[in-house]
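Values quoted throughout were computed directly from the atomic coordinates according to the rules given, and no laboratory measurement underlies them. Owing to the predicted nature of the structure, the values given are computational and were not obtained by experimental measurement. Cβ: placed from backbone, ideal geometry, glycine included. Neighbour counts: every protein chain shown.
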Amino acid sequence: MLPARSGRSLLALAASAVLACSTASAQENLDAGKPPQKLFAEGCASCHRSAGGLAKGRFSLPLYLFLQKHYASNASSAWALTSYLEQVDAARRAPARAAAAPPRPSSIWSQRSPPRPPAPVPTR
């Protein structure tokens, strides 16, 4: 009776191994090959109208970890989303910084006036 029982055990073990392998291979990355814009449109656009401002004031690593935990299916998708959000935020801030900066003069001295000291020179 002992060989029959061990044969059934081996059969059960083999069947469970085959099932485990088939379910592991059946899982696939649904986000593979998608551009970050499409990842944002499919996963984030239902709550956020645009990507602008979502990365504002955040460091890359915490943003990446948050996206990996809550929104992305794998690490590469989370990193692609992180890069996309930072890129959109940087592009959004760049024109505002350029407009806020005062215009720089082309040179300190005008071509018409000779250089002068900032205050009158005292006489002796």
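Some points to look at:
- Mean Cα-pair separation over length for segment 56-98, i.e. relative contact order, pairs under 8 Å, 6 or more apart, %: 35 percent
- Protection proxy ranking, peptides 40-49, 70-79, average beta carbon neighbours within 10 Å, highest first: 70-79, 40-49
- Along the axis of the charge dipole computed for segment 56-98 (Cβ charges of +1 for Lys and Arg, -1 for Asp and Glu, origin at the Cα centre), the listed residues 80, 66, 90 are led at the positive end by 90.
- For residue 53, the residues whose amide H sits under 5 Å from its own are 89, ignoring neighbours fewer than 5 places away on the same chain, with H placed 1.01 Å from N.
- Taking θ as phi - 60° and the Karplus parameters 6.51, -1.76 and 1.60, the scalar couplings of segment 56-73 work out to 4, x, 10, 7, 4, 5, x, 5, 4, 5, 5, 5, 5, 6, 10, 10, 9, 8 Hz in sequence order, x denoting glycine and proline.
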